[in-house]
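Report on the following structure.
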Amino acid sequence: MRVETLGEGDPEVAVVGGIHGDEPCGSAAVEAVVEADPDVARPVKLIVANEEALKRGRRYVEEDLNRAFPGSPDADTHEGRLAHDLLTEIRGCEILSLHSTRSYAAPFALVDEMDGHARSICPYLSVEAVVETSQYSEGRLIAYPDVIELECGLQRSAVAAENARALVREFLVATGVLPGDAEPPRQHPLSVFCLDQRIPKQAADSYEVFVENFERVAEGEQFAAADG
């Protein structure tokens, strides 16, 4: 895990990329801020989490880091130990966690619940919608207070990397780390969806999605396929 700090004092804001090694947009966005080394009004931690998985270009080394929290220093797996170390590093911070997806190009946010913190930040991010995952957050970083997870676009795409950089800047402005006027990037209320049922996802080499996120699917309509 790589941790860089900008500014003086104890950071109360953190940006985390590289939770998954096959989602490089987040680590690239973190590294871009580190390289730019901007003047900050509040100190911030910039973290590349699973460096070993990123090096291998794989989602994880031994288990999914975003299902391994809280972890333990004595865990049997690389990610189990890393989960503990990461939580220790970001304790007490407002946290942005950067991801990408195989199925949807537009950025969207995930939160455990749309609480006061989420309401104070999410409207200022260029996301299509927010998804509450409270029933299904176990083992994930967003199960912890003041965490916003962003899906920045399609996995390994240049657009996802560009989106991640823009979203990090918006988050840092919204949290007062960077100067600027935080203004909602839309002229309409931000849509919020609640995840209330998990759809089983069988193991497969490839997946296809036939519908758009956040659009109603008619009963009986096929919305996805695994291995054709």
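Any read-out appearing in this document is the output of simple, stated calculations on the displayed coordinates, not a laboratory observation. What you are looking at is a predicted structure, and each value in this text was computed from that prediction instead of being measured. Here the Cβ is made from the backbone with ideal geometry for all residues, glycine too, and neighbour counts use every protein chain on show.
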Which of the listed residues, Val16, Phe223, Leu6, is farthest toward the dipole's positive end in the chain, when Lys, Arg count +1 and Asp, Glu count -1 at the beta-carbon? Phe223
Percent relative contact order of the chain, based on C-alpha pairs within less than 8 angstrom and at least six residues apart? 21 percent
If the chain between Arg58 and Asp37 were fully extended at 0.36 nm per residue, the gain over the current Cα-Cα distance would be 4.7 nm
Restricting to bridges with both residues inside the chain, how much of the DSSP beta-bridge set is antiparallel, in percent to the nearest 5? 35 percent
According to the square roots a ≥ b ≥ c of the eigenvalues of the Cα gyration tensor, what is the shape class of the chain, taking rounded for a/c under 1.5, prolate for a/b larger than b/c otherwise, and oblate for the remainder? oblate
In debye, nearest 20: dipole of the range 2-193 around its Cα centre with unit charges on the Cβ of K, R (+) and D, E (-)? 480 debye
On the formula 1/(1 + (r/R0)^6), with r taken between the Cβ atoms of Arg156 and Ser72 and R0 of 41 Å, the FRET efficiency rounded to 0.05 is 0.85
Compute from the Cα atoms of the range 87-182 the Rg and the Dmax, the latter being the longest Cα-Cα distance, and quote both in angstrom. 12.9, 36
